[in-house]
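To start, the structure under review is shown below, and the notes come after it.
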Amino acid sequence: MSEAGIGKHRMMGGDAMDCASTALQETTIEQQVKDENKETSDWLLFYEERKREFIQSHNNILLLGLTGPVRATSGEHGISDPTGRKVTFLERLDRTEKWLHLVEEIERRLSPKMRIFLRLRREYRYRRGRYGWVAPVQHKYAEAVAQLEGKAVEDVWIEDRHTFQKWWQRIVEYTAREAAKRGLFNG
């Protein structure tokens, strides 16, 4: 762009438009990270339920016969070929299976104390608001670690409740990073 073109671009609000565009991109990126962390958090918290549902759904799909009536239909749920329906359902389950494997891998890579924390975080996943999950996890964590290490609860007590929130955020972020590498947010 020539000097005159740049000047005209600025006079027409080009810098303001660029700033607005950048702000929109940042908001979009921020929202994307928030959404991905929420999805990751759900996979971590509801792992057991999702694994049970996965196994049940997988077994049900495999039990479906490869033959059956062919209906002329349309739309997403309108695959009239029974084999095609089965393949579609199995593809959906493939993403679930990849998430389940990722959560299992992350859990294996955690230290024993962090596995205790994750187990307790799952146990109190429905606790929200003022009387949320942190206080009960804080107490149960001290009891579990004391038993693991053969120490008194007072010796392993973690006073700062924010520590537990930071641990949770770190596990979520590590898992989300691995999920992004594996393309699990694209489905």
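The values are calculated or read from the model by the stated rules, or taken from the named source; none is laboratory data. This is a predicted model, so every value here is computed, not measured. Here the Cβ positions follow ideal geometry from the backbone for every residue, glycine too, while neighbour counts run over all protein chains shown. Just the protein is used for accessible areas: all its heavy atoms, side chains included, with ligands, DNA and RNA removed. Shrake-Rupley method; radii C 1.70, N 1.55, O 1.52, S 1.80 Å.
Which numbered condition in (1) under 13 Å from the mean Cα position of the chain (by Cα); (2) of a type outside the set (A, V, I, L, M); (3) open to solvent by 100 Å² or more (accessible area, probe 1.4 Å); (4) modelled with pLDDT of 95 or more is the only one that Lys166 fails? Looking at each condition in turn, Lys166 falls short on (1). Evaluated against (1) closer than 18 Å to Tyr47 by Cα; (2) at pLDDT below 95; (3) in a helix (DSSP H, G or I), Phe185 falls short on exactly one condition, (3).
Within region 109-129, at least one residue is farther than 17 Å from Lys38 by Cα, in contact (Cβ under 8 Å) with a residue 60 or more places away in the chain and within 24 Å of the chain's Cα centre (by Cα). Cβ-Cβ contacts under 8 Å between residues 6 or more apart (or on different chains), taken from a first residue in region 142-157 that is on the phi < 0 side of the Ramachandran plot to a second residue that is among the charged types (D, E, K, R) and not in a loop (DSSP other than H, G, I, E, B), are listed as Val145/Lys113; Ala146/Asp155; Leu148/Lys113; Val153/Glu143; Val156/Glu149.
Take the conditions in a helix (DSSP H, G or I) and modelled with pLDDT under 95 and apply them to Ile6. Does it pass?
yes
Scan region 82-100 and give yes if some residue there is of a type in the set (A, V, I, L, M) and touching a residue at least 40 places away in the same chain (Cβ under 8 Å), otherwise no. Yes, region 82-100 contains a residue that is of a type in the set (A, V, I, L, M) and touching a residue at least 40 places away in the same chain (Cβ under 8 Å). Report whether or not Arg130 is of a type outside the set (Gly, Ala, Ser) and open to solvent by less than 80 Å² (accessible area, probe 1.4 Å). Here the answer is no, as Arg130 does not meet what is asked.
Applying the condition of being open to solvent by less than 60 Å² (accessible area, probe 1.4 Å) and in contact with a helix residue (DSSP H, G or I) (Cβ under 6 Å, 6 or more places away or on another chain) to region 45-56 and asking which residue is modelled with the lowest pLDDT yields Phe54. Does at least one position in region 133-154 carry a residue that is β-branched (Val, Ile, Thr), at pLDDT 95 or above and farther than 19 Å from Phe46 by Cα? Looking through region 133-154, at least one residue is β-branched (Val, Ile, Thr), at pLDDT 95 or above and farther than 19 Å from Phe46 by Cα.
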